[in-house]
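Below is one structure, written out as structure tokens; the observations come after it.
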Amino acid sequence: MSRVEQLRTGERGDDTITAVLIVSTLIIAALTVFQLVAVFLGRTIALEAARDGADRARIPPVDVTGAAQQAAAYARDATGTWLSHVDASGHSAGNVVRVTVDAEVASFVPFVTVRISQTAAAPIERIRP
């Protein structure tokens, strides 16, 4: 198609617009994949931190506050800055201790905020002579 025919039919710039739309879609898809990976890794680390805290809390004397602090420190140390607003809590009920780790995953997709929460429970050990 000659330049004169392109001007007459109004197809000037269609390739540029198509390229911009395709590249934008690919970038958003890649960022979405990165976000999903970050959420999966964040959940895994938060669960491991909660398990670490539960392991500490289950040994007498039961110290759920110290266990929650240890779990939060573990999550912060393992992730650096991409897991923020890390908070951990623990409580014991009967013969079981529970430690919960809450955090916010870094956002790769605009306007998306993902909060994660993982809980681990463990039986309180009984030491018998």
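Among the residues of this structure, THR44 does not count as one that is surrounded by 12 or more Cβ atoms within 10 Å (Cβ to Cβ), farther than 19 Å from ALA120 by Cβ and of a type in the set (Ser, Thr, Tyr).
For the range 63-72, the count of residues that are of a type outside the set (S, T, N, Q), closer than 18 Å to ALA106 by Cα and touching a strand residue (DSSP E or B) at 6+ places or on another chain (Cβ under 7 Å) is at least one. Restricting attention to the range 1-26 and to residues that are farther than 30 Å from PRO110 by Cα and among the acidic types (Asp, Glu), the residue that is modelled with the lowest pLDDT turns out to be GLU5. When the range 42-81 is filtered for residues that are closer than 15 Å to SER92 by Cα, in contact (Cβ under 8 Å) with a residue 12 or more places away in the chain and of a type in the set (Asp, Glu), only ASP55 remains. Does GLU104 satisfy the condition of being of a type in the set (Asp, Glu), assigned to a helix (DSSP H, G or I) and at pLDDT 95 or above? No, not satisfied. For the range 107-129, what are the residues that are over 11 Å from the mean Cα position of the chain (by Cα), assigned to a strand (DSSP E or B) and either of a type in the set (Gly, Ala, Ser) or within 25 Å of GLN35 (Cβ to Cβ) (or both)? Once the filter is applied, which keeps residues that are over 11 Å from the mean Cα position of the chain (by Cα), assigned to a strand (DSSP E or B) and either of a type in the set (Gly, Ala, Ser) or within 25 Å of GLN35 (Cβ to Cβ) (or both), the range 107-129 yields THR119, ALA120, ALA121, ALA122. Residues in the range 46-81 that are at positive phi and β-branched (Val, Ile, Thr): 0 in all.
The values are calculated or read from the model by the stated rules, or taken from the named source; none is laboratory data. Bear in mind the structure is a predicted one, so any value in this text is a computation, not a measurement. Backbone-built Cβ (ideal geometry, glycine too); neighbour counts: all protein chains shown.
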